[in-house]
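Engineer: Structure below; questions to follow.
The values are calculated or read from the model by the stated rules, or taken from the named source; none is laboratory data. All values derive from a computational prediction rather than experimental measurement. Because the Cβ atoms are built from the backbone with ideal geometry, glycine has one as well, and the counts that use them run over all protein chains shown. All accessible areas refer to the heavy atoms of the entire protein, side chains included, with ligands and DNA or RNA removed. Shrake-Rupley method; radii C 1.70, N 1.55, O 1.52, S 1.80 Å.
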Amino acid sequence: MPAIETPAGATVVRGACPHDCPDTCAMLVTVADGRALEVRGDPEHPFTRGGLCVKVNNYVDKVYEATRVLYPLRRSGPKGSGRFERITWDAALDEIAGRFRAAAEKRGPEAIMPVSYLGTEGILNGLNVGDPFFNRLGATISERTYCDSGACTAYTMTIGATAGVDPESLVHSRYIVVWACNIMSTNLHLWPFVAEAQRRGAKVVVIDPVRHRTAKAADWYLPIRPGTDGALALAMMHVIIGEGLTDEAYVRDHSVGFHELAERVRQYTPEWAAEETGIAAEDIRTLAREYATSQPSMIRIGVAIERQAGGGQTVRSIACLPALVGAWRQVGGGLLQLPLWAFPVNWGALMHPELQTPGTRIVNQFLLGRALTGELELDPPITVLMVYNSNPMVVCPEQAKVAAGLAREDLFTVVSDHFLTDTARFADIVLPATTQLEQQDIMFSWGHFYVSLNTPAIAPLGEAVPNTELFRRLAARMGFDEPCFTRTDDEMIAEAFDWSAPAMTGITVDSLRRTGWARLNLPSADEYAPHAEGNFPTPSGKTEFRSSVAEQAGNFVLPLFRQGSNEYQPGGVVDPLPHYIPPRETADTGYRLNLISPKSHAYLNSSAGDQAHQKRVQGEPTVAIHPRDAEDRGLVDGQYVRVHNDRGAFVVLARVTDEVAPGVVMSQMGAWPKNTKENATVNAVTPFVFADLGNAPTFSDTRVEVSPV
């Protein structure tokens, strides 16, 4: 049964956190008289262990928030004013379908563009929920490379689509390198496994430009200049190979391209890397030696690792390290990126790429501001925009251009959301979306090996509908009669996985309805060492120091991030060996400070950015600046400052601290512009330029200046 009676007469319904977070927590929702009373973590779940983070532990407040959008709305004031009037679903659907048809007839369907990402991470209602509809419509294909696209391209080039280390196996690691990841804020439920490894004697090293919560709990913190992680990884290989610290047998049997790699990294000395990274040459040597000789050693890379000009080659370099030292031989050794590769998700049934019209253009969402303002000179121009599972006014770069584009009177915009976000305030039609407590979904995880079923705990409030139902209604209005547009949620769950795959043995929809979650049918965390004998899912079956995929395919974006399309890949020549690409923006721009914009502690991207409890925990937006840099600019702690460059500016409080190195400033993303001093946040200054692989963003490759207000 999905619900369990409690002594008090309430019921407890099993659910799963919907956020775009690696932890995918198992939730227990207490319900009485049709109303949700509380959510808590499932104490029986081996990863959740009964706890929920600050982003979601008061999720019930979000569900019943007085400002929720519960009915379809039509704009009744100027764009951006937030003035709307209630209308019926029929009126909303008729207007949307009519506008879609008119745009397609006048300009062609490519004049319509969807904008979405992972406002919910469920397989049904998440990343790909609208793909079949927009593929069938022939709309512009939306490329969504916000998170891990470049890392995925680089990772698969090197070791293939492998789940890597089981996060629960970290208790067996002897040396843990946490690289560009603030586990305690963005991957909280992994930390107990790291802490247990520490208790057993493992050394934990954190490499990051910021001395954050996780860095303070480490045994050794190495501050690094933003955008130079690749230099450190290459210098580590220089030391490991040069000092004979490789696992010769593992390299011989389970890798290709070693001799070419050895020749390549000869140039990357610790002294050279010290100049690039700001880390002392002797510390680089110590790190390399300890990493190589403390087996099993493992590396946890965070999403931020790709957000630099050379992010792809950085991940290529890091992904080579475990094979060099034979870390894969033992449980708890290797590399942890995305365990989601272990889940046999039936992506084709979710995206239906066969419905696409060949030759349909692709526009990356990082270019949304330029697409809407005409700078891309698109033909046809975008005249209809539909936004769901996203808040581009917060998450896209060039924020001012996004706002200017959304303000166009000739742009018809539809937004489906829980609240009137900064994006929704520009919409012509706003549609009410259900929360996770009101919808059915099934979840993979990109942070552990458990599949979860989310059972609705309460009926939808007002006239809110799940994304699945929204697109069923839109498809019916458009006359689309393919079977994928009439599937029920239960039928979609039946298609979500390859249930016959070995990893799903013993797991059925019925069993998940009883238990809520189940571990994939993989060896236990005490036994899981998937590459002890090689068997990498690469063309050679080995770690490819020299990547055959890079050589043959060049640069590419996984079709998952572009509605299933494999057309118009970035391509080009990609050096098959790892190499260093320095930061693109330097002091030569005239801006002397390097800005980074990591995830917030209390927000999940922009989710919860307008919730009272999370705003209290997060506090007013700030920019962290080193005391030396503050003194040079006459700044004091707690004063308002303007962070600016040629792309824009935002005003926040200065936080003078030595948690950042001289020359580095940090402002966390997630706050909503309407809650700030000048209606602008950190993405007002970030660049639209792609990283080297996977069309990843370069948010950490941003130069700014900070001035008093």
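Engineer: Give the residues of the stretch 542-567 that are surrounded by 16 or more Cβ atoms within 10 Å (Cβ to Cβ) and free of Cβ contacts under 8 Å to residues at least 12 places away in the same chain, sorted by residue number.
Structural biologist: none
Engineer: Arg546 passes all but one of (1) of a type in the set (Lys, Arg); (2) in contact with a Leu (Cβ under 6 Å, 6 or more places away or on another chain); (3) outside any loop (DSSP other than H, G, I, E, B); which number fails?
Structural biologist: With respect to (1) of a type in the set (Lys, Arg); (2) in contact with a Leu (Cβ under 6 Å, 6 or more places away or on another chain); (3) outside any loop (DSSP other than H, G, I, E, B), Arg546 is out only on (3).
Engineer: So which of Ile458, Ile442 ends up being under 29 Å from Thr508 (Cα atoms) and outside any loop (DSSP other than H, G, I, E, B)? Before the answer, list the steps.
Structural biologist: On the way: Ile458 fails: outside any loop (DSSP other than H, G, I, E, B).
Going through Ile458, Ile442 in turn, the sole match is Ile442.
Engineer: On to the next question. Within the set of pairs 6+ apart or on separate chains, which have a first residue in the stretch 55-82 that is free of Cβ contacts under 8 Å to residues at least 12 places away in the same chain, a second that is open to solvent by 30 Å² or more (accessible area, probe 1.4 Å) and part of a strand (DSSP E or B), and C-beta atoms under 6 Å apart?
Structural biologist: Ser76/Phe84; Ser76/Glu85
Engineer: While we're looking at this one, here's another question. If only one of Val641, Val636, Val617 is farther than 20 Å from Met184 by Cα, modelled with pLDDT of 95 or more, surrounded by fewer than 18 Cβ atoms within 10 Å (Cβ to Cβ) and of a type outside the set (Lys, Arg), which one is it?
Structural biologist: Values: Val641 fails: surrounded by fewer than 18 Cβ atoms within 10 Å (Cβ to Cβ); Val617 fails: farther than 20 Å from Met184 by Cα.
Answer to the check: Val636.
Engineer: Output yes when any residue across the stretch 84-93 is more than 25 Å from Pro18 (Cβ to Cβ), part of a loop (DSSP other than H, G, I, E, B), touching a residue at least 12 places away in the same chain (Cβ under 8 Å) and over 31 Å from the mean Cα position of the chain (by Cα), and no when none is.
Structural biologist: yes
Engineer: Residues that are open to solvent by 20 Å² or more (accessible area, probe 1.4 Å), over 16 Å from Leu118 (Cβ atoms), modelled with pLDDT of 95 or more and in a loop (DSSP other than H, G, I, E, B): does the stretch 386-404 have at least one?
Structural biologist: no
Engineer: Kindly evaluate Pro576 against the criterion of being outside any strand (DSSP E or B) and either open to solvent by 50 Å² or more (accessible area, probe 1.4 Å) or modelled with pLDDT under 95 (or both).
Structural biologist: Details: outside any strand (DSSP E or B): yes; either open to solvent by 50 Å² or more (accessible area, probe 1.4 Å) or modelled with pLDDT under 95 (or both): no.
Spelling it out, it is not the case that Pro576 is outside any strand (DSSP E or B) and either open to solvent by 50 Å² or more (accessible area, probe 1.4 Å) or modelled with pLDDT under 95 (or both).
Engineer: Report every pair of residues separated by at least 6 positions or lying on different chains whose Cβ atoms are under 8 Å apart, first residue within the stretch 693-704 and open to solvent by 10 Å² or more (accessible area, probe 1.4 Å), second among the hydrophobic types (A, V, I, L, M, F, W, C) and in a loop (DSSP other than H, G, I, E, B).
Structural biologist: Note: pairs meeting the criteria are Asn695/Val557.
Engineer: Residue by residue through the stretch 23-47, note down the ones that are out of contact with any strand residue (DSSP E or B) (no Cβ under 7 Å at 6 or more places or on another chain) and assigned to a loop (DSSP other than H, G, I, E, B).
Structural biologist: Pass one, the stretch 23-47, residues out of contact with any strand residue (DSSP E or B) (no Cβ under 7 Å at 6 or more places or on another chain): 23, 32-35, 43-44, 46.
Asp23, Asp33, Gly34, Pro43, Glu44, Pro46 - these are the residues of the stretch 23-47 that are out of contact with any strand residue (DSSP E or B) (no Cβ under 7 Å at 6 or more places or on another chain) and assigned to a loop (DSSP other than H, G, I, E, B).
Engineer: Which residue is most open to solvent (accessible area, probe 1.4 Å), if the candidates are limited to the stretch 4-22 and must be at pLDDT below 95 and not in a loop (DSSP other than H, G, I, E, B)? Talk me through it step by step, then tell me what you get.
Structural biologist: Step one: of the stretch 4-22, the residues at pLDDT below 95 are 4-9.
Still in the list and also not in a loop (DSSP other than H, G, I, E, B): 4-5.
Values: Ile4: 76, Glu5: 130 Å².
Once the filter is applied, the top-ranked residue is Glu5.
Engineer: Hey, any hits in the stretch 228-238 for a residue that's at pLDDT 95 or above and surrounded by fewer than 19 Cβ atoms within 10 Å (Cβ to Cβ)?
Structural biologist: The initial filter retains those residues of the stretch 228-238 that are at pLDDT 95 or above, namely 228-238.
This time we only want the ones that are surrounded by fewer than 19 Cβ atoms within 10 Å (Cβ to Cβ), so: none.
The answer is no, given that none of the residues of the stretch 228-238 is at pLDDT 95 or above and surrounded by fewer than 19 Cβ atoms within 10 Å (Cβ to Cβ).
Engineer: Can I ask one more? Need at least 3 residues that are at pLDDT 95 or above and crowded, with 24+ Cβ neighbours inside 10 Å per element, so show me which strands (runs of 3 or more DSSP E) inside the stretch 119-213 make the cut, counting only ones lying wholly within it.
Structural biologist: On the way: elements: 141-143, 175-179, 203-208.
Hits in the stretch 119-213: 175-179, 203-208.
Engineer: Then there's this: Residues in the stretch 516-541 that are open to solvent by 60 Å² or more (accessible area, probe 1.4 Å) and under 17 Å from Trp341 (Cα atoms): how many?
Structural biologist: The initial filter retains those residues of the stretch 516-541 that are open to solvent by 60 Å² or more (accessible area, probe 1.4 Å), namely 521, 523, 526-527, 533, 535, 537, 539.
Next, only the ones that are under 17 Å from Trp341 (Cα atoms) stay: 521, 523, 535, 537, 539.
Number satisfying all stated conditions: 5.
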